[in-house]
Structure formats: structure tokens, C-alpha cells
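Below you'll find the structure, written out as C-alpha cells, and then a few comments.
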Amino acid sequence: MENNSINQQETLGNSTTILVLGILSIFPGVACVGIVGVVLGIITLAMSKKTKIEIENNPGKYTDSSITLQKAGRICGIIGLSLSSIYLIFWIVYFVIIGAILGSAGAGSMYY
């Protein structure tokens with residue numbers, strides 16, 4: 001009597017979720033909403049790290065397609081986090097400069 005369940009591979013539970021969140025983290029970076037992309041990127045990378053540890057602890061247990069989805073989601077999360085971080089830093093610098101300009105213009109006009 002053969003046991004076929006030993007040779008069957010499972011899919012990773014969060015591989016599709018990681019890919020979806022990774023893709024969703026790119027759009028805020030492109031659409032100029034930095035903080036949303038940063039949050040989604042961080043969540044994606046945290047979930048990806050957990051599944052990567054699970055893959056390393058159980059080699060051969062999961063299908064190649066689900067491992068590929070996890071890797072693609074991780075890459076998308078890195079791209080989304082990078083784009084959104086750059087855009088968020090741009091806005092922070094922008095508001096600091098505008099605040100300094102308005103602050104210096106307002107202080108000088110009080111003496112006239």
C-alpha cells in the first residue's frame with residue numbers, strides 16, 4: 001500500500017497575498033501618496049520574511065509556483081517601498097523648505 005500524500009506538495013498560504021500587497025505598494029509610490037505605499041511595502045516584506053523562513057524550514061514541501069509568487073511579491077514590495085519612501089522624503093523636504101521660506105518672509109514683514 002503506497003502513501004501518495006508524502007509526495008504531494010502544498011501551496012504557501014500567503015504567497016498570493018504577498019504578491020497582491022507587493023503590487024498594491026507600487027501604485028501609491030507612482031500615484032504620489034507616499035505613506036500608504038510605505039506601510040504596504042513594510043507589511044509585504046514582513047509577511048515575505050515569515051514565509052521565507054517557512055520555506056527554509058521545510059524544503060521541498062511547497063510548490064515552485066507558490067515560491068515564485070512569494071519571491072515576486074517580495075520584489076514588488078521592495079520596489080513599492082523604495083518608490084514611496086523617495087516620494088515621502090521629497091514631500092518632507094518640500095514642506096520644510098516652504099515652511100522656512102514662509103517663516104522668514106513672515107518674520108521680516110513684522111518690522112515694517
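What the Cβ-Cβ distance of residue 11 and residue 92 gives, at R0 = 35 Å and to the nearest 0.05, is a FRET efficiency of 0.30. Amide H contacts of residue 62: 10, each under 5 Å away and 5 or more positions distant or on a separate chain (H built 1.01 Å from N in the peptide plane; Pro and chain starts excluded).
Using unit Cβ charges (K, R positive; D, E negative) and no other charged atoms, how large, in debye to the nearest 20, is the dipole of segment 12-109 about its Cα centre?
It works out to roughly 140 debye.
Taking packing as the residue-averaged number of other Cβ atoms within 10 angstrom, the listed peptides 50-60, 12-22 run from highest to lowest as 12-22, 50-60. Sorted from greatest to least, the principal axis extents spanned by the alpha carbons of segment 12-109 come out as 71, 22, 14 Å.
Taken together, the values in this text are just the output of simple stated rules run on the coordinates, not laboratory data. Treat the numbers as computed from the prediction; the structure is a model and nothing was measured. Cβ coordinates were reconstructed from backbone atoms using ideal geometry, including for glycine residues, and neighbour counts include every protein chain displayed.
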